[in-house]
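Taking it in order: structure first as structure tokens, then the write-up.
The values are calculated or read from the model by the stated rules, or taken from the named source; none is laboratory data. Keep in mind that this is a model prediction, so the values were computed, not measured. For neighbour counting, all protein chains shown are included, and Cβ atoms are generated from backbone atoms with ideal geometry for every residue, glycine included. When the accessible area is computed, the model is the full protein with side chains, heavy atoms only, and any ligands, DNA or RNA have been set aside. Shrake-Rupley method; radii C 1.70, N 1.55, O 1.52, S 1.80 Å.
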Amino acid sequence: MTDLQPDWVLPGGALHGRVGALSTTRMGGVSRAPFDALNLGDHVGDNPHDVARNRAMLATRVAGRELMWLTQVHGTDIVSADDWQIGMSADGAVVTDDRHCAVVMTADCLPVLMAADDGSVVAAVHAGWRGLAGGVLLRALATLAAPHARVLAWIGPAISCPAFEVGDEVRVAFIEADASNEAFFVANPVGRFQADLSGLARHQLLCAGVSQVTAADACTYNDASRFFSHRRAAPCGRMATAIWRI
């Protein structure tokens with residue numbers, strides 16, 4: 001199993017030894033094509049036994065903490081570890097204990113991790129364009145109950161602007177929320193737009209007062225060897241992005 005990690009949890013990072021975090025790739029699991037190999041989604045048509053084995057690998061990687069699997073609905077609901085139940089609908093999770101691990105699944109959408117700079121509270125958020133336009137990141141920040149200036153955020157692997165073509169309805173949804181979002185849409189030759197989801201997320205976080213924002217800068221669509229991409233090849237597996245307190 002291979003993964004990516006925010007700089008702030010690595011040796012020398014601001015939260016090393018206090019917070020663990022990772023974003024999986026598609027490599028290292030047991031699922032067969034087209035879900036090869038580390039598919040963590042149990043809703044995409046993969047063999048349930050293979051998914052269970054893959055999830056067990058992830059559980060080991062997060063030191064046996066209970067993974068807070070969610071039914072993601074492209075909404076803005078955020079659940080706390082105290083209220084979480086298996087399979088509940090939400091697009092983000094917040095953890096303040098050392099028994100749970102917040103986790104979201106993606107295959108082009110944005111996975112965003114957040115942590116207070118003292119490691120007291122952490123969150124994982126799934127942000128497709130609908131959730132992002134609806135304010136899911138701001139809901140997560142509010143649930144963290146930490147001053148925004150003391151929050152570190154990391155944007156994980158997602159579809160990049162050159163690969164994410166959308167219609168004008170997507171652009172309008174963001175501009176209606178904030179006119180400055182127009183800068184993150186580029187008109188293309190076929191009358192549609194290339195949308196910069198990661199740029200939109202970073203902009204929202206910075207405007208909310210989160211100054212410590214970093215990103216994996218990895219495109220799920222263009223890097224087929226490392227990542228699943230629903231837009232490139234559906235059906236496909238799902239990566240997981242997880243965060244936990246140590």
* Would you kindly identify the strands (runs of 3 or more DSSP E) lying entirely within the range 34-132 that contain at least 3 residues that are out of contact with any His (no Cβ under 7 Å at 6 or more places or on another chain) and open to solvent by less than 30 Å² (accessible area, probe 1.4 Å)? => 92-95, 100-106, 110-116, 122-127
* Which residue pairs have Cβ atoms under 8 Å apart, sit 6 or more places apart or on different chains, and have a first residue in the range 164-178 that is under 17 Å from G134 (Cα atoms) and a second that is assigned to a strand (DSSP E or B) and among the polar types (S, T, N, Q)? -> V166/Q194
* Structure fact -> Filtering the range 3-33 down to residues that are without any contact (Cβ under 8 Å) to a residue 40 or more places away in the chain, within 30 Å of S120 (Cβ to Cβ) and open to solvent by 40 Å² or more (accessible area, probe 1.4 Å) yields Q5, L10, P11, G12, H16
* Structure fact -> Those residues of the range 59-116 that are touching a Phe, Trp or Tyr at 6+ places or on another chain (Cβ under 6 Å) and not hydrophobic (A, V, I, L, M, F, W, C) come to a total of 1
* Subset of the range 152-185 (residues that are exposed (fewer than 13 other Cβ atoms within 10 Å of the Cβ) and among the hydrophobic types (A, V, I, L, M, F, W, C)) -> A179, A183
* To do: Starting from residues that are free of Cβ contacts under 8 Å to residues at least 60 places away in the same chain and part of a loop (DSSP other than H, G, I, E, B), keep the ones in the range 194-217 and report whichever is farthest from the chain's Cα centre (by Cα).
  => D196
* To do: Those residues that are among the charged types (D, E, K, R) and either touching a residue at least 40 places away in the same chain (Cβ under 8 Å) or at positive phi (or both), I need them from the range 66-77; list them, please.
  => D77
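So that you can scan it fast, the table gives a plain yes or no per residue for (1) of a type in the set (K, R); (2) touching a Ser or Thr at 6+ places or on another chain (Cβ under 7 Å); (3) in contact (Cβ under 8 Å) with a residue 12 or more places away in the chain:
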{"site": "R53", "(1), (2), (3)": "yes, no, yes"}
{"site": "V79", "(1), (2), (3)": "no, no, yes"}
{"site": "G92", "(1), (2), (3)": "no, no, yes"}
{"site": "D97", "(1), (2), (3)": "no, no, yes"}
{"site": "D108", "(1), (2), (3)": "no, yes, yes"}
{"site": "W129", "(1), (2), (3)": "no, no, yes"}
{"site": "P157", "(1), (2), (3)": "no, yes, yes"}
{"site": "P162", "(1), (2), (3)": "no, no, yes"}
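Each row is one residue, and each column tells you yes or no for (1) closer than 17 Å to R202 by Cα; (2) of a type in the set (G, A, S).
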{"site": "S89", "(1), (2)": "no, yes"}
{"site": "A102", "(1), (2)": "no, yes"}
{"site": "D117", "(1), (2)": "no, no"}
{"site": "A124", "(1), (2)": "yes, yes"}
{"site": "L132", "(1), (2)": "yes, no"}
{"site": "R139", "(1), (2)": "yes, no"}
{"site": "R150", "(1), (2)": "yes, no"}
{"site": "F164", "(1), (2)": "yes, no"}
* To do: Kindly check whether there is at least one residue in the range 218-231 that is in a strand (DSSP E or B), touching a residue at least 40 places away in the same chain (Cβ under 8 Å), in contact with a Phe, Trp or Tyr (Cβ under 9 Å, 6 or more places away or on another chain) and under 26 Å from G28 (Cα atoms).
  => yes
* Structure fact -> When the range 193-240 is checked residue by residue, the ones that are open to solvent by less than 10 Å² (accessible area, probe 1.4 Å) and closer than 22 Å to V103 by Cβ are L197, A201, L205, V210, T220, F227, F228, S229, C236, G237, M239, A240
